[in-house]
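Let me begin by presenting the structure, written as structure tokens, before commenting on it.
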Amino acid sequence: MTKATTSWLPVIGLEVHAQMQTPAKLFSAARSSSSKLSDSPNSNVALFDAAFPGTLPSLNHNCVRLAIKSALALNANINRKSWFDRKHYFYPDLPHGYQITQHFKPFAKGGFLDLTKFDGAPEEKRYRIQQIQIEQDSGKLMTPFPGSPEVLVDLNRAGVGVLEIVTEPDFNSADEVVAFMKKMQRLLWHTGVSSADMDEGVWRCDINISVKKVGSAENGVRTELKHVSKFSVVKTAIEFEVARQIALLESGQQVLQETMGLDENGHTKRLRGKEDAPDYRVYQKLIDHVRKCLPESLDVRRDRLEKQYGLSMFHISVLMDEPGAVEYYEEARANTHQKPRPSQDSELVKFAKKLNLAIPVPDLLYLFRAFRLISNLFAMLNKHGIKLAACPIPPSEFGPLIDLVDDGTLSGIRGKDVLAILFDDAISGANLRRSARDIALQNDWLISQESKAESAKLLDTIITGLIAKHANLVKEIQAGQIRKLKFFSGQVMAATKGKADPVLVDSLLKSRILPKE
């Protein structure tokens, strides 16, 4: 916060809108994948969506189940009896002239979402949920070209079920908002409520912003920033709007209650004045309880991955940030023959403790090698624009590859080569799918037991010689200059002409050079 703003405190509340992942819309049987950018305009529209006279709504119970999941995941109190309200809406993207939403008796009230520093929050804090409601999405208005007097209407999105999560104004900085939105978005796709693909328009957030004097009990006049859909612009937009309001107040002017949009620079601009007196009409629907369908919470999953597999927080965040990655990793582990075993490298275990790795059964080499292959797989998927959920290499084929690299039958470098061939075979639609072992055999990449023993002896000889030759450098590393270990790694790889396993080399060097505890 700049010097000019130290006496002011931002007060921010959120209204998160997430389209629910259901085959049909909220009140009609029309297909609900209407946010897909590839769908032809007005190709997913039922008579009810177009407000034909005599058509009646029919509640999609799958939307209710997903709303229950979200309410339970957010620790909210589900109302056993709730109803829908008609909110008058005078735009052509909802032909009825009103939006079916909830206001007076929403689906759920209360609840909270906790953030920790692991979630990217400035500090640990609990953010309260005011209410959770179900509503219709609107259609889409567009012009054929900039400046055109014509407005085209696409009703594909009109009537899609949307979950609106309204928070209390508990946020005091842009960083808190960004951290909260990221965790909320992750929670909604983790529970299967909404998609993780923000580029398809399934996720939007309205941000209510005001400022007040530090220590004041009364909040200032708020503005509403509409339809923010990118995390990358949230911080810029909030900080700009906070600075704008402070500048107005310090110059003796008033902040008006307005609806704001964003310009091309991510700065707020006025769209219209905001009214607080909507007219509602009411009808009522009942809900069912489906608590048993809720998956494990994000925090429970994070703790379990740490304790069960000994993963670091970095590894856990890599897996939990990608939909389906945890499931893929666990299924791949289930398809390996790796068994818990005592580590023969106590120095490596000590090094792991320095990195705060929780390893109930010391198995670091397996962990590092597995994640190196997973990183390679992610890179291949990104290159081809493929989501992990559509990964062409099933976990049943990936697990055995980890085994080959883990037991030293295949070097880490050759493991990457085998993975590339597995991937190419899969995306090319080859009729004959080869296993990782078959590919390694065909290319004569497998390492025999005799070769393993010779390789281990050779590495030990090379490392011993390097330590003796560079004794002063060893002392510098032991004094805390750990980065200089890279010099030894490079020398070993050069001496073996790049054939040594980099992970094994790294671990051996650390066990031989790092100070003994």
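Quick notes
- The range 120-150 - residue that is of a type in the set (Lys, Arg) and open to solvent by 80 Å² or more (accessible area, probe 1.4 Å) and, of those, farthest from Asn42 (Cα to Cα): Arg126
- Those strands (runs of 3 or more DSSP E) lying entirely in the range 87-137 with at least 3 residues of a type in the set (Lys, Arg): 125-136
- Scan of the range 138-170 for residues that are out of contact with any Gly (no Cβ under 7 Å at 6 or more places or on another chain), closer than 30 Å to Pro10 by Cα and either assigned to a strand (DSSP E or B) or among the aromatic types (Phe, Trp, Tyr) (or both), ordered by number: Val162, Leu163, Glu164, Ile165, Val166
- Condition met for Ser210 (among the hydroxyl-bearing types (Ser, Thr, Tyr), modelled with pLDDT of 90 or more and outside any helix (DSSP H, G or I)): yes
- The number of residues in the range 162-179 that are over 30 Å from Pro23 (Cβ atoms) and open to solvent by less than 10 Å² (accessible area, probe 1.4 Å) comes to 4.
- One residue from Asp197, Asp263 being assigned by the TED database to the domain that holds Met20 and not basic (Lys, Arg): Asp197
- For Val214: the one exception among (1) surrounded by 17 or more Cβ atoms within 10 Å (Cβ to Cβ); (2) more than 21 Å from Ala179 (Cβ to Cβ): (1)
- The lone exception for Gly385 - which of (1) part of a loop (DSSP other than H, G, I, E, B); (2) surrounded by 13 or more Cβ atoms within 10 Å (Cβ to Cβ); (3) modelled with pLDDT of 80 or more it fails: (2)
- Residue that is nearest to the chain's Cα centre (by Cα) [pool: residues in the range 78-119 that are under 30 Å from Asp321 (Cβ atoms) and surrounded by fewer than 18 Cβ atoms within 10 Å (Cβ to Cβ)]: Phe118
- None of Ile482, Ile463, Ile421 is at pLDDT 85 or above, among the hydrophobic types (A, V, I, L, M, F, W, C) and not assigned by the TED database to the domain that holds Glu330 except Ile463.
- Among residues of the range 147-159 that are basic (Lys, Arg), those with a Cβ under 7 angstrom from a residue that is part of a loop (DSSP other than H, G, I, E, B), sequence gap 6+ or separate chain, pair up as Arg157/Ser34; Arg157/Ser35; Arg157/Asp137; Arg157/Ser138; Arg157/Gly139.
- Within the range 485-511, tally of residues that are under 21 Å from Asp406 (Cα atoms) and either modelled with pLDDT of 85 or more or surrounded by 12 or more Cβ atoms within 10 Å (Cβ to Cβ) (or both): 17
- Total residues in the range 293-314 satisfying the condition of being at positive phi and part of a helix (DSSP H, G or I): the figure is 0.
- Here Gly159 clears all of (1) open to solvent by 40 Å² or more (accessible area, probe 1.4 Å); (2) more than 23 Å from Gly266 (Cα to Cα) except the condition numbered (1).
The values are calculated or read from the model by the stated rules, or taken from the named source; none is laboratory data. None of these values were measured; they are calculated from a predicted model. Methodologically, a virtual Cβ is constructed for each residue, glycine included, from the backbone with ideal geometry; neighbour enumeration extends over all protein chains shown. Only protein heavy atoms, including side chains, enter the accessible area calculation; ligands, DNA and RNA are left aside. Shrake-Rupley method; radii C 1.70, N 1.55, O 1.52, S 1.80 Å.
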